[in-house]
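Beneath this line is the structure, given in structure tokens, with notes to follow.
The values are calculated or read from the model by the stated rules, or taken from the named source; none is laboratory data. These figures come from a predicted structure and were not determined experimentally. All Cβ positions, glycine included, derive from the backbone under ideal geometry; neighbour counts span all protein chains shown. With ligands, DNA and RNA removed, areas are computed over all heavy atoms of the protein, side chains included. Shrake-Rupley method; radii C 1.70, N 1.55, O 1.52, S 1.80 Å.
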Amino acid sequence: MGKIKVGVIGAGSISEMHFDSYKHNQDVEIHAVCDINEERAKEKAEKYGAEKFFKSYHDLLADTEIDAVSICTWNNTHAEIAIAALHAGKHVLVEKPLCKTVEEALEIEKAVKNSGGKTLQVGFVRRFGTNTQVLKEFIDAGELGEIYYAKASCLRALGNPGGWFADKERSGGGPLIDLGVHVIDLCWYLMGKPKVKSVSGNAYYNLGNRSNVKNKSFYKAADYDPNTNTVEDMANAIIRFENGASLMVDVSFTLHVKKETMAVSVFGDKGGAEIEPELEIITERNNTILNATPQIDELSFDFVKGFQKEINHFVTCVKGEAETISPVEDGVEIMKMLAGVYESSETGKEIHFDK
Ligand SMILES: NC(=O)c1ccc[n+]([C@@H]2O[C@H](COP(=O)([O-])OP(=O)(O)OC[C@H]3O[C@@H](n4cnc5c(N)ncnc54)[C@H](O)[C@@H]3O)[C@@H](O)[C@H]2O)c1
């Protein structure tokens with residue numbers, strides 16, 4: 001088999017991580033780039049040596065030389081592009097979140113099932129962090145026992161990126177769907193992917209984007225506009241699973257919090273672990289509680305290495321040498337949780353899922 005020819009759809013910020021990682025994979029040729037902003041597509045094509053660039057993803061998908069695509073566009077386009085790509089016979093790596101709604105997620109799942117064995121990998125990049133992978137080995141070896149509780153906090157004091165991120169129509173929501181998706185998935189993956197039973201959540205729209213704040217910088221989308229913001233500024237939830245386990249989560253774009261927080265922990269009946277801010281395993285030996293710090297290069301999530309491993313894994317799957325560890329079914333289950341939090345918040349009720 002020759003090199004895998006890849007097309008990247010959406011040439012904004014996160015596409016850089018895809019381009020760089022593909023560039024460092026010897027089995028890949030970056031063949032084409034697409035962006036509705038044609039200038040951006042052209043720029044990236046030149047930078048990464050892609051032969052072609054397109055303004056319409058339909059034209060990119062019509063290129064029969066392309067084996068696989070990365071979808072790095074706004075969330076509201078993930079479903080239609082993923083389905084069209086599968087119909088065109090391409091393997092798909094789609095950025096998180098899989099899409100905006102459960103209905104869309106189920107449509108994508110159907111398209112994968114009818115694709116004759118094409119891979120669709122959801123960009124749950126934190127699964128590929130060294131800290132996650134090391135901990136997963138301990139969990140798989142039974143060192144933590146049965147995990148019955150997990151807790152995740154991803155709090156920004158100030159950090160609504162604006163642009164499409166702040167436009168619910170294009171993003172599907174704020175910090176829950178943008179940041180919460182990562183930490184909810186991380187916990188759920190390490191918990192052994194139990195089926196979701198119910199969700200109770202709250203989304204707050206109390207602080208706006210706080211564009212009035214001075215002397216504190218934050219990441220802004222290219223098309224930042226202080227007057228546009230339709231997404232929540234914080235959300236929290238308790239998620240129950242069919243096996244009795246539960247997950248508590250809170251996330252914010254802005255909150256009156258002392259400092260930025262990234263804390264993710266899982267707790268089992270034999271041991272527990274902090275994954276973020278740094279991997280640490282907590283257990284009991286000889287009637288003594290032990291805190292064990294693994295000697296590994298990175299105790300926290302390493303963005304660049306994580307992306308490289310995510311892309312390498314995708315390429316291995318495209319070559320038919322592995323099954324993705326981040327399949328469409330997982331994207332559907334996570335979408336149920338995210339949509340459940342928003343629905344619970346709107347109705348003021350706990351949302352229950354059928355078996
Ligand atoms: N895995 C991660 O850690 C991570 C981090 C950031 C963003 N993301 C995800 O990546 C995606 C893109 O985010 P971003 O920060 O790069 O946004 P961005 O705004 O920087 O880039 C998005 C690009 O997509 C283009 N685009 C939009 N609709 C298109 C269409 N129909 N066809 C072709 N191009 C189109 C836009 O013109 C833009 O250039 C989002 O889904 C986001 O949630 C993931």
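Rounded to the nearest whole Hz, the Karplus-based 3J(HN,Hα) values (6.51 cos²θ - 1.76 cosθ + 1.60, θ = phi - 60°) of the range 233-240 follow the sequence 9, 8, 8, 9, 7, 10, 10, 9, with x at glycine and proline.
Taken one residue at a time, the phi angles of the range 96-108 give Karplus couplings (6.51, -1.76, 1.60, θ = phi - 60°) of 6, x, 3, 6, 9, 9, 5, 4, 4, 4, 5, 5, 5 Hz. Gly and Pro are set to x. Solvent exposure of the range 1-132 amounts to 40 Å² per residue of accessible area, where only protein heavy atoms count and the probe is 1.4 Å.
Can you work out D for the range 72-158 in µm² s⁻¹ from Stokes-Einstein, where Rh is the Kirkwood radius over C-alpha pairs, the temperature is 25 °C and the viscosity is 0.890 mPa s? Working shown, then result.
On the way: Rh = 15.3 Å.
It diffuses with D of about 160 µm²/s by this estimate.
The GNM of the chain, with springs linking C-alpha atoms under 10 angstrom apart, assigns the highest mean-square fluctuation among Ser217, Ser21, Ser70 to Ser217.
Relative to the longest principal axis of the Cα atoms of the chain, the long axis of helix 130-140 makes an angle of roughly 60 degrees. Counting charges near Asp233 (Lys, Arg +1; Asp, Glu -1) among other residues having Cβ under 15 Å from its Cβ returns a value of -2. Which lysines have a Cα less than 18 Å from the Cα of Lys44, not counting those fewer than 8 places away in the same chain? By straight Cα distance, Lys44 reaches Lys5, Lys23, Lys52, Lys55.
With a threshold of 25 Å on the Cα-Cα distance, the over-threshold entries among Lys136/Lys309; Lys195/Lys309; Lys259/Lys349; Lys3/Lys309 are Lys195/Lys309; Lys259/Lys349. By its C-alpha gyration tensor, with a ≥ b ≥ c as the square roots of the eigenvalues, how is the range 201-355 shaped: rounded for a/c under 1.5, else prolate for a/b larger than b/c, else oblate? Rounded, since a/c falls under 1.5. For the range 319-346 versus the range 155-180, the inter-centroid distance based on Cα atoms is 18 Å.
Of the residues Lys110, Lys216, Lys197, which exhibits the maximal mean-square fluctuation in a Gaussian network model of the chain defined by a 10 Å Cα contact cut-off? Among Lys110, Lys216, Lys197, the largest GNM mean-square fluctuation belongs to Lys216.
I want to verify the translational diffusion coefficient of the chain in µm²/s; compute it with Stokes-Einstein, Rh as the Kirkwood radius over Cα pairs, at 37 °C and 0.692 mPa s.
Numbers: Rh = 21.0 Å.
Stokes-Einstein gives a translational diffusion coefficient of 156 µm²/s.
Determine the alpha carbon to alpha carbon distance for each of Lys90/Lys220; Lys193/Lys305; Lys100/Lys197 and list only those over 31 Å. From the list (Lys90/Lys220; Lys193/Lys305; Lys100/Lys197), the Cα-Cα distance tops 31 Å for Lys90/Lys220.
With the contact rule set at Cα under 8 Å and sequence spacing of 6 or more, what percent relative contact order holds for the range 256-337?
Working: 70 pairs, mean separation 11.8, N = 82.
After rounding, I find 14 percent.
Per-residue counts of other Cβ atoms within 10 Å, averaged by peptide: what ranking do you get for 270-276, 208-214, highest first? Before the final figure, lay out the partial values.
On the way: 270-276: 21.4, 208-214: 13.7.
In descending order of packing, they fall as 270-276, 208-214.
Would you work out if the range 268-343 is rounded, prolate or oblate? Take a ≥ b ≥ c from the square roots of the eigenvalues of the alpha-carbon gyration tensor; rounded if a/c is under 1.5, else prolate when a/b is larger than b/c, oblate otherwise.
Details: a/c = 2.26, a/b = 1.44, b/c = 1.58.
Oblate.
Under the criterion of Cα pairs below 8 Å and six or more residues apart, the relative contact order for the chain equals 20 percent. Debye calculation, C-alpha points only, no solvent: report log10 I(q)/I(0) for the range 1-120 at q = 0.15, 0.18 Å⁻¹, in the same order as the q values. For the range 1-120 at q = 0.15, 0.18 Å⁻¹, log10 I(q)/I(0) is -0.60, -0.86.
Only bridges whose two residues both fall in the chain count here: according to DSSP, what percent of them are antiparallel, nearest 5?
On the way: 39 of 67 bridges.
Just about 60 percent of them are antiparallel.
Among rounded, prolate and oblate, which fits the range 109-178 when a ≥ b ≥ c are the square roots of the eigenvalues of its C-alpha gyration tensor, a/c under 1.5 means rounded, and a/b larger than b/c means prolate?
On the way: a/c = 2.59, a/b = 1.19, b/c = 2.17.
Taking the square roots of the gyration eigenvalues as a ≥ b ≥ c, the range 109-178 is oblate.
Atom-type composition of the exposed protein surface of the range 122-205 places 48 percent of the accessible area on carbon and sulfur (1.4 angstrom probe).
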